[in-house]
Structure formats: structure tokens, C-alpha cells
Amino acid sequence: MELKLGFIGFGNVARAFSRVLAERRSFLSREYGLELKTTAIATSNHGCVLSATGFDLVKAAELSEQGLSLTNLTDSLPVPDPLAVIERCDVDVLFETTTLNVVDAQPAINHIKAALNRGIHVVTANKGPIAFAFNELTTLAAKNNRCFFFEGTVMDGTPVFNLVERCLPATRVLEFSGILNSTSNLILTRMESGLSFEDALSEAQSRGIAEANADYDIDGWDAAMKAVVLTNVLMGGQAHPSQVTRQGIRNVTARDLNEAARSGKSIRQIARSARTSEGIEITVLLEEVPAASALGSVRGTSNVLLLETDLMGEIGIVENDPGVEQTAYALLSDLLRIRESVAPPD
Ligand SMILES: NC(=O)c1ccc[n+]([C@@H]2O[C@H](COP(=O)([O-])OP(=O)(O)OC[C@H]3O[C@@H](n4cnc5c(N)ncnc54)[C@H](OP(=O)(O)O)[C@@H]3O)[C@@H](O)[C@H]2O)c1
């Protein structure tokens, strides 16, 4: 089966995914009968292009890494902007991986709506649209009988939504706690080892895991958006990002971290969501937790999520030292779910 792919946003995540697709090409053909052709790519400053014959994705990744326009790709037809790409493209699955916008998640929400309205399946790693418009977008996808998957929005390719939806039927998530922002956790744990805040942030940026605007990591926005996504998707909440009580890591000093360590504690940025008599309360706060606990022992870019459920008690998931390749895997696993839904196995 051939699936035609399109990309809105072609940065760290989409480029890593392109390389996975190239590396797994014959495996996907052999094991899944899947032949992939990329016919559309849109970026902000590096061109918006269509192709009837299909782009060489590795070449596209190289051009984008060199800061060159995608209009240099063979057989590329330039198009004015991302919405024009979505309107004109011949694509079965669209990957929306534009930058996070914590104010209103635009224009990503409009990209996703335009694609679903054209009958295109959508995969996103962008948590903004899920935090601001989960119900609206899933309703639109259902109305158009199209898939809308977003596993990569929280803990990259680690199954969080798939785990609950597919492996924990009839189980209710009552509350959760977790370390959800890799950049902040990397900075805190590198500072525990004597590195400066700035050097640790540079490491996160060079590994492609920091947000384009790293303030979103440092000031707790990314973790807050993820906490809203988890609350609305897993707990049936109606939360809005503005209602999260949020604290970033900007003011944590090496001295604070060392003092905590002397009493067997770690300072970590912890996201929590819990049901109260007034509804669901969501917080992203710095907490001192026992260094040997599930939350306190998570180091580097690692993430952890502890789900408190009614039928299964507490379930913990750890993602150990992820990079952008793990987000690329999320896009692949969502693509294979679409493959399964388009043509279920016999
Ligand atoms: N990096 C990670 O480890 C990771 C993990 C999980 C989730 N995510 C999420 O995945 C998304 C992408 O992350 P990334 O690291 O790949 O970001 P990135 O490297 O900054 O790339 C973003 C891409 O989006 C394009 N873009 C920005 N605004 C656009 C617009 N209005 N229309 C069309 N294209 C636009 C940019 O264009 P230009 O190339 O012209 O700048 C760039 O190609 C973000 O929402 C992020 O939160 C990232």
C-alpha cells in the first residue's frame, strides 16, 4: 500500500523522522507492505513545496539543516504558504510539527483543521493543539472519519496515550504526577553535578530537545501544556493551559540543589493533576522529593509519569535519556496505527 506523506514544519523532529523512514524503508515495505512517498513540505522560512514524484527526505533534511530553502529539491513546486500547501497537496497523512505556541496554539490548530476537513489523517508532536483544542479536533477527525494521533506530545515515543487507550480498558486515571520536561530536568541534574545553568541549557539545545523558545522549557510552559494534555485526554478533563499553577526553574541555584542533596533530597520540577471538590487542579512546581524516589531519581533528559488508577493502582512509566529520535519514533508508531486503521491486518 502506498501512503503519501506531507509535513507542516520540518525541524529537529521531522528531520529525525525522515532519517528513521529512510533507514527503515525496506523493513516497512517487507513487514507492513508500506510504500511511502512525501509530496508536500511546508516551513516558516525554508520554503513551502509540493512534488508529484515525491521528495528525497534525507536530501530535504540536509538542506534544512544547512539553512537552505527546500525549493532546491528536485521537482519541487513552490507554494505561497503552509495553508496553501494543505489545500493543494495530494497527501494521505500530514505530520504537523511546527513550533509550540503557548498563547493559542496557532497556526497549528488551523493546519490540523484544514487537513482533517480535506480528509487527510493527521499526526502531531505539537502539544499546543491538544492542550487548547483536544475535543474540537478529535470531534472533527471523527466527523471526517480520519485518524488524529498525537503520541509524541508527551514523553516522546514512550506509549502514554496508547498504553491507557489500548492496554488499560475500563480503567480510570484518577490523578497523575510526573517529570515531563527533559530540558528542565537535564539542567537541574547537570547543575547537581557542578555544570552551569547556561552550559546545561546549551547541551539541551545542541541535542535538539529544547523548545525553539527555550523560555517555554525553563519557565514551565512545556510541562504545563503536557499536564493539560494528560488531564484532558486521560482524565476526561476540560482544562485550559491558563489554569495551571506554574513555576519554572530559573531561580534554582547550585546551592539549593546541594543543600537538598545533603538531606537525601532532589529538587525536581513536578507536574501534578488531581481531582478536588472544585474540579481538577493542575500544578507544575519545584518540589523537594526523596532522592531515591521514582520522581527524585530521574536524571538527565529522562521523564517519568506515575498514573494513579482505579482498577490497576499506581502505574509508572520511565523514559530513559530520550533524544529527538524518540519523538521521531512517536511519529512512526502513529503512522503505523494509521496504516492499521486504513487496512486492518487479515
Ligand atoms: N524536539 C523534541 O525533542 C520534541 C519532543 C516532543 C515534541 N516536540 C514538539 O514538536 C514540534 C517540533 O519540534 P522541533 O524540535 O522539530 O522544532 P523546530 O526544530 O524548531 O522546527 C519547527 C519547524 O516548524 C516550522 N514552522 C514554525 N512555524 C511555522 C508555521 N507557522 N508554519 C509552517 N512551519 C512553521 C519551522 O520552520 P523553519 O524551518 O523555517 O524555521 C521548522 O521547520 C514542537 O511543537 C515541539 O514542542 C519536540
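So, with a 1.4 angstrom probe, what is the percent of accessible area on the chain that is carbon and sulfur?
That fraction is 47 percent.
With unit charges on the beta carbons (Lys and Arg positive, Asp and Glu negative) and the dipole taken about the Cα centre of region 243-342, which residue among L285, S273, L335 sits farthest to the positive side?
Final value for the positive-end residue is L285.
Using a simple charge model, +1 on the beta-carbon of Lys and Arg, -1 on the beta-carbon of Asp and Glu, nothing else, what dipole does region 143-225 show about its Cα centre, in debye to the nearest 20? Walk me through the intermediate numbers first.
Working: 6 positive and 13 negative charges, 130 e Å.
My answer is approximately 620 debye.
Given axes a ≥ b ≥ c from the Cα gyration tensor, I'd like to know whether region 81-148 is rounded (a/c under 1.5), prolate (a/b larger than b/c) or oblate. Each step should come with its number before you reach the end.
On the way: a/c = 1.91, a/b = 1.21, b/c = 1.58.
Oblate.
Please state the shape class of the chain: rounded when a/c is under 1.5, otherwise prolate if a/b exceeds b/c and oblate if not, all from the C-alpha gyration tensor.
prolate
Which value, in debye to the nearest 20, gives the size of the charge dipole of region 215-346 about its Cα centre, when Lys and Arg are +1 and Asp and Glu are -1 at the Cβ?
300 debye
Using a cut-off of 28 Å between alpha-carbon atoms, which lysines can reach K265, once sequence neighbours fewer than 8 places away in the same chain are excluded?
In chain and number order, the partners are K226.
Along the charge dipole of the chain, pointing to its positive end and built from +1/-1 on Cβ of Lys, Arg, Asp and Glu, which listed residue (A60, A16, G33) has its Cα farthest out?
Projecting each Cα onto the dipole axis, the largest value belongs to G33.
Would you work out if region 43-91 is rounded, prolate or oblate? Take a ≥ b ≥ c from the square roots of the eigenvalues of the alpha-carbon gyration tensor; rounded if a/c is under 1.5, else prolate when a/b is larger than b/c, oblate otherwise. Please list the in-between numbers first.
Working: a/c = 2.15, a/b = 1.32, b/c = 1.63.
Oblate.
So between T276 and N258, what do we pick up on full extension, going 0.36 nm a residue minus the alpha carbon distance?
The span from T276 to N258 would gain 3.1 nm if fully extended.
Going Cα to Cα from K37, which lysines come in below 21 Å? Please leave out same-chain ones fewer than 8 positions away.
Counting by Cα, and skipping residues close in sequence, K37 has these lysines nearby: K4, K59.
Using a 1.4 Å probe and ignoring any ligands, DNA or RNA, find the accessible area of T98 and quote it in Å² to the nearest 10.
Estimated to the nearest 10 Å², T98 gives 40 Å².
Report the relative contact order of region 38-136, percent, no decimals, based on alpha-carbon pairs under 8 angstrom and at least 6 residues apart.
After rounding, I find 24 percent.
Normalising by the residue count of the chain, find the relative contact order in percent from Cα pairs under 8 Å and 6+ residues apart. Show your work: numbers first, answer last.
Details: 690 pairs, mean separation 60.6, N = 346.
After rounding, I find 18 percent.
Can you send over the solvent-accessible area of R172, 1.4 Å probe, protein chains only, in Å² to the nearest 10?
130 Å²
Suppose every K and R has +1 on its Cβ and every D and E has -1 on its Cβ; what is the size of the dipole of the chain about the Cα centre, in Debye to the nearest 20?
320 debye
Positive end of the charge dipole of region 109-199 (Lys, Arg +1 and Asp, Glu -1 on Cβ, about the Cα centre): tell me which of F132, M191, L174 has its Cα farthest that way.
Going by the Cα projections, it comes out as F132.
Might you tell me the accessible area per residue for the chain, computed with a 1.4 Å probe and given in Å²?
Ligands and nucleic acids excluded, the result is 43 Å² per residue.
Ignoring ligands, DNA and RNA, how do I315, I120 rank by accessible area with a 1.4 Å probe, largest first?
So the residues, ranked largest to smallest area, are I315, I120.
Given the options E192, E62, E308, state which has the largest fluctuation in a GNM of the chain using a 10 Å cut-off (strictly under) for Cα springs.
Result: E62 has the largest fluctuation of those listed.
The values are calculated or read from the model by the stated rules, or taken from the named source; none is laboratory data. These numbers were taken from a predicted model, which means no experiment stands behind them. Neighbour counts are summed over all protein chains in view; Cβ atoms, including those assigned to glycine, are modelled from backbone coordinates with ideal geometry. Surface areas here come from the heavy atoms of the whole protein model, side chains and all, with no ligands, DNA or RNA. Shrake-Rupley method; radii C 1.70, N 1.55, O 1.52, S 1.80 Å.
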